[in-house]
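One structure is given below, encoded as structure tokens.
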Amino acid sequence: MIGFTYLAAILATLPLVLILAHLVRKGASSLSLAFFTHMPGSVGEPGGGMANAIVGTLMLIGIASIIGLPIGIGAGLYLAEKKSTPLASTVRFLSDVLNGLPSIVMGIFAWEVLVRPVRHFSALAGGVALGAMMIPLVTRTTEEMLLVVPTSLREAALALGYPKWRTSISVVLRTALAGIVTGALVAVARIAGETAPLLFTALGNQFWSTSVREPIAALPLQIFTYAINAYDEWHRQAWAGALVLITIVLIISLAARFATRSRFGAPVD
Amino acid sequence: MTSLPVDWLENDRRKLRVDASAYGDKIYEALTAACALAIPALVIAIAVAIFAAAWPAFAKLGFSIVTTSDWDVRAGHFGAAPAIFGTLVSSTVALIIATPLAIGVAIFLSEFAPLWLRQPIGFLVDLLAAIPSVVYGLWGIFVLIPLLREHVMPFLRDTLHLGATPFFSGPAYGPSMLAAGVILAIMALPYISSVSREVLMAVPRSQREAALALGATRWEMIRDAVIPYARSGIIGGIMLGLGRALGETMAVTMVIGNRPEISASLLAPGYTMASLIANEFSEATSDLHLSALMAVGAVLFIITLIVNAVARWLVWSVGRRRTQ
């Protein structure tokens, strides 16, 4: 039985290692400067890159952050201060519910509200869908980081004459800022890889576009489109794109883990 | 109260300072409350928008969306039963594969792993949750499906003679319910494992020591003292993984074969609710088609809502017990 747990540990870490190894092997050969700077080529032709998709993903992350970060941090501040009032508990519960919603449900919601009325796909709709997904993540990490700040700090500021709002923002928030920023980055990493909400909001775009009101390409969308089509060249590009995507996500995850580790040796879980 | 102008000035200044901070406090509280209330507002908005868009389909087709299997767009029949069946079956297969492994890893990390190994392995397992779904799908198409088609499925069907049962019969195309189940298992594993690890480590030492003092072996201690204590939390973690598996779209769409038919065999291609929406939404032809897809989305919304709410309640109840 004990041996089974050892076996389980090996089997559980195996997929990660396999997937990463395969990604590196298949994707690295197709990575080149052209990949980052060129536009997608014609169907089946060699060459071409994912420049528009990379820029598109950055734009979508930007729009999502403009929506998700302020609301998430504000909600986190509220929850950290109101702790267990009925309203706070309800908000916390619904935040977890929102977190668990399938990303495609967010996609059809954004479509219903932002695409259908204007009959136009847009980067804005995609950004809003991603931003809505960011809110519960940012809220939870903000609240956790704020609760770690010792109350003595807040009391000292109040004793010195700071008004309540100033204490919260200039003292407590600033102390927790590193953790909050880390949490925000982790949320960004999570939504950078989301495809389903973008399928019918941002839609994807073969051409270069930086307009908020037009459809826009995104890295995960491009990977999906290339992967399910039949051309080998596109498959190679898909692997390269996946390698880029996962490198970004892993670097952010590793940096976040490193930044929030406890300085005293015991792991912060 | 003195009558010198300098004192009046002091009093006024003091009053202004208090007033300013009173306004500041009110504005701050209003802003943060507004941000917090945005969350329930968003959930309600999502529910209202989806159900309102789904209403025409529910009104015209009623329960046949859920019960019939005929999804014929041109004829106006929208029976999503194969999709619902596929969602439930793929998630069940995923849980059957993932749960023992995830709990095994959690037990390994909380009981047996040397301290220096705990962080790295825990981190590696949690990292599985960070991999984007589309990357899983890509790996699924080009690595998992050939592996299943050429080695695993023939092994299961012919070598183990499971092909005699209805669950492993039929040709091994590759894209299948089994492939979807395996990929979903890998995606759900970190969620189950992370929650289980936390609740197992939260079991008080006194429980473990009491079992050992009564003469239990290491394994008996885990089985009889630690796991029952953490049981509701572990079940909560399993349901969390289930919730993730139910809503997963991209990886499943890429490996399940997208065939809207109910089949008992795991080797056959299938369909899920999320794949159905993903595949047909951008090309929905009629208003009824769109509304039917929204209806499928509404069903998915409700199912995941319930599963996640129950999961959260279970995990929270362990946390509350811990503090008592």
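The values are calculated or read from the model by the stated rules, or taken from the named source; none is laboratory data. Computed from a predicted model, the values in this text were never measured in an experiment. A quick note on method: Cβ atoms are made from the backbone with ideal geometry, for glycine too, and the neighbour counts reach across all protein chains shown.
In region B:277-287, is there at least one residue being within 12 Å of another protein chain (Cβ to nearest Cβ), surrounded by 24 or more Cβ atoms within 10 Å (Cβ to Cβ) and under 17 Å from A:Glu112 (Cβ atoms)? Write out each step before concluding.
The initial filter retains those residues of region B:277-287 that are within 12 Å of another protein chain (Cβ to nearest Cβ), namely B:277-284, B:287.
The next check asks that each one be surrounded by 24 or more Cβ atoms within 10 Å (Cβ to Cβ); those that pass are B:277-278.
Of the ones still in play, those that are also under 17 Å from A:Glu112 (Cβ atoms) are B:277-278.
The answer is yes; a qualifying residue exists.
Looking only at region B:262-276, which residues are among the polar types (S, T, N, Q) and crowded, with 22+ Cβ neighbours inside 10 Å? Reasoning before the result, please.
Step one: filter region B:262-276 for residues among the polar types (S, T, N, Q), giving B:263, B:265, B:272, B:275.
Once the filter is applied, which keeps residues that are among the polar types (S, T, N, Q) and crowded, with 22+ Cβ neighbours inside 10 Å, region B:262-276 yields B:Thr272, B:Ser275.
Identify, by number, the condition in (1) over 27 Å from the mean Cα position of the chain (by Cα); (2) within 11 Å of another protein chain (Cβ to nearest Cβ) that B:Leu124 doesn't meet.
So the condition that B:Leu124 fails would be (1).
Only one of A:Leu16, A:Leu33, A:Leu79 is at pLDDT 90 or above and either under 30 Å from A:Thr167 (Cα atoms) or of a type outside the set (Phe, Trp, Tyr) (or both). Can you tell me which?
Values: A:Leu16 fails: at pLDDT 90 or above; A:Leu33 fails: at pLDDT 90 or above.
It is A:Leu79.
Restricting the search to region B:248-282, which residues are among the small types (Gly, Ala, Ser), in contact with a Leu (Cβ under 7 Å, 6 or more places away or on another chain) and in contact (Cβ under 8 Å) with a residue 24 or more places away in the chain? Steps first, please.
Restricting attention to region B:248-282, the residues satisfying the condition of being among the small types (Gly, Ala, Ser) are B:251, B:257, B:263-265, B:268, B:270, B:274-275, B:278, B:282.
Now drop any that are not in contact with a Leu (Cβ under 7 Å, 6 or more places away or on another chain), which leaves B:274, B:278, B:282.
Matches in region B:248-282: B:Ala274, B:Ala278.
Being farther than 30 Å from A:Arg257 by Cα and at pLDDT below 90 is true for just one of B:Phe168, B:Phe112, B:Phe142. Which residue is that? Show your work before the answer.
Numbers: B:Phe112 fails: farther than 30 Å from A:Arg257 by Cα; B:Phe142 fails: at pLDDT below 90.
Criteria check complete, one pass: B:Phe168.
Taking the criterion of being in contact (Cβ under 8 Å) with a residue 40 or more places away in the chain and under 22 Å from B:Arg223 (Cβ atoms), would at least one residue in region B:70-85 satisfy it?
no
List pairs: first in region A:75-86 and in contact (Cβ under 8 Å) with a residue 60 or more places away in the chain, second surrounded by fewer than 24 Cβ atoms within 10 Å (Cβ to Cβ) and not in a helix (DSSP H, G or I), Cβ under 7 Å, 6+ apart or cross-chain?
That search, which allows pairs on different chains as well, returns nothing.
For the list (1) within 23 Å of B:Gly137 (Cβ to Cβ); (2) more than 13 Å from the chain's Cα centre (by Cα); (3) among the small types (Gly, Ala, Ser), I need the number of the one condition that A:Ser170 fails.
Going through the list (1) within 23 Å of B:Gly137 (Cβ to Cβ); (2) more than 13 Å from the chain's Cα centre (by Cα); (3) among the small types (Gly, Ala, Ser), A:Ser170 breaks only (1).
Every residue in region A:236-269 that is polar (S, T, N, Q) and at pLDDT below 80, please.
If we filter region A:236-269 for residues that are polar (S, T, N, Q), which is where we start, we get A:237, A:247, A:253, A:260, A:262.
Of everything in region A:236-269, those that are polar (S, T, N, Q) and at pLDDT below 80 turn out to be A:Thr260, A:Ser262.
Taking the condition of being among the charged types (D, E, K, R) and either part of a helix (DSSP H, G or I) or surrounded by 22 or more Cβ atoms within 10 Å (Cβ to Cβ) (or both), how many residues in region B:248-261 meet it? Full working, then the answer.
Within region B:248-261, the subset among the charged types (D, E, K, R) is B:248, B:259, B:261.
Filter once more, keeping what is either part of a helix (DSSP H, G or I) or surrounded by 22 or more Cβ atoms within 10 Å (Cβ to Cβ) (or both): B:248.
The total comes to 1.
Do any helices (runs of 4 or more DSSP H) entirely within region A:164-262 hold 2 or more residues that are over 30 Å from B:Met294 (Cβ atoms) and more than 10 Å from chain B (Cβ to nearest Cβ), and if so, which? Lay out the reasoning, then the answer.
Working: elements: A:174-192, A:219-228, A:232-259.
Correct list: A:174-192, A:232-259.
Looking only at region B:170-201, count every residue that is at the interface with chain A (Cβ under 10 Å from one of its Cβ atoms) and not in a helix (DSSP H, G or I) and tell me the total.
The total comes to 0.
What pairs come out if I take residues in region B:143-168 that are assigned by TED's automatic domain parsing to the domain that holds B:Ala268 and pair them with residues that are surrounded by 15 or more Cβ atoms within 10 Å (Cβ to Cβ) and among the basic types (Lys, Arg) whose C-beta lies under 7 Å away, six or more apart or interchain?
Between residues of region B:143-168 that are assigned by TED's automatic domain parsing to the domain that holds B:Ala268 and residues that are surrounded by 15 or more Cβ atoms within 10 Å (Cβ to Cβ) and among the basic types (Lys, Arg), the close pairs are B:Gly163/B:Arg157; B:Phe168/B:Arg157.
Do we find that A:Ala53 is modelled with pLDDT of 90 or more, within 14 Å of chain B (Cβ to nearest Cβ) and either under 26 Å from A:Leu221 (Cβ atoms) or crowded, with 23+ Cβ neighbours inside 10 Å (or both) in this structure? Before you say what the answer is, go through the steps one by one.
Details: modelled with pLDDT of 90 or more: no; within 14 Å of chain B (Cβ to nearest Cβ): yes; either under 26 Å from A:Leu221 (Cβ atoms) or crowded, with 23+ Cβ neighbours inside 10 Å (or both): yes.
Answer is no for this residue.
Restricting region B:87-103 to residues that are surrounded by fewer than 24 Cβ atoms within 10 Å (Cβ to Cβ) and either farther than 25 Å from B:Leu178 by Cβ or of a type outside the set (A, V, I, L, M, F, W, C) (or both), which is nearest to the other protein chains (Cβ to nearest Cβ)?
Result: B:Pro100.
Which pairs turn up if I take residues in region A:59-72 that are farther than 21 Å from A:Gly204 by Cα and look for partners that are of a type in the set (Lys, Arg) and modelled with pLDDT of 90 or more with beta carbon separation below 7 Å, at least 6 apart in sequence or on another chain?
That search, which allows pairs on different chains as well, returns nothing.
Any residue at all in region B:202-214 that's buried (at least 24 other Cβ atoms within 10 Å of the Cβ), touching a Gly at 6+ places or on another chain (Cβ under 9 Å) and either assigned by TED's automatic domain parsing to the domain that holds B:Ile256 or in a helix (DSSP H, G or I) (or both)?
Start the filter on region B:202-214 by keeping residues that are buried (at least 24 other Cβ atoms within 10 Å of the Cβ), which leaves none.
The answer is no, given that none of the residues of region B:202-214 is buried (at least 24 other Cβ atoms within 10 Å of the Cβ), touching a Gly at 6+ places or on another chain (Cβ under 9 Å) and either assigned by TED's automatic domain parsing to the domain that holds B:Ile256 or in a helix (DSSP H, G or I) (or both).
Condition first: facing chain B (nearest Cβ under 7 Å) and of a type in the set (Ser, Thr, Tyr). Now tell me which residues in region A:63-106 satisfy that.
Selection gives A:Tyr78, A:Thr90, A:Ser95, A:Ser103.
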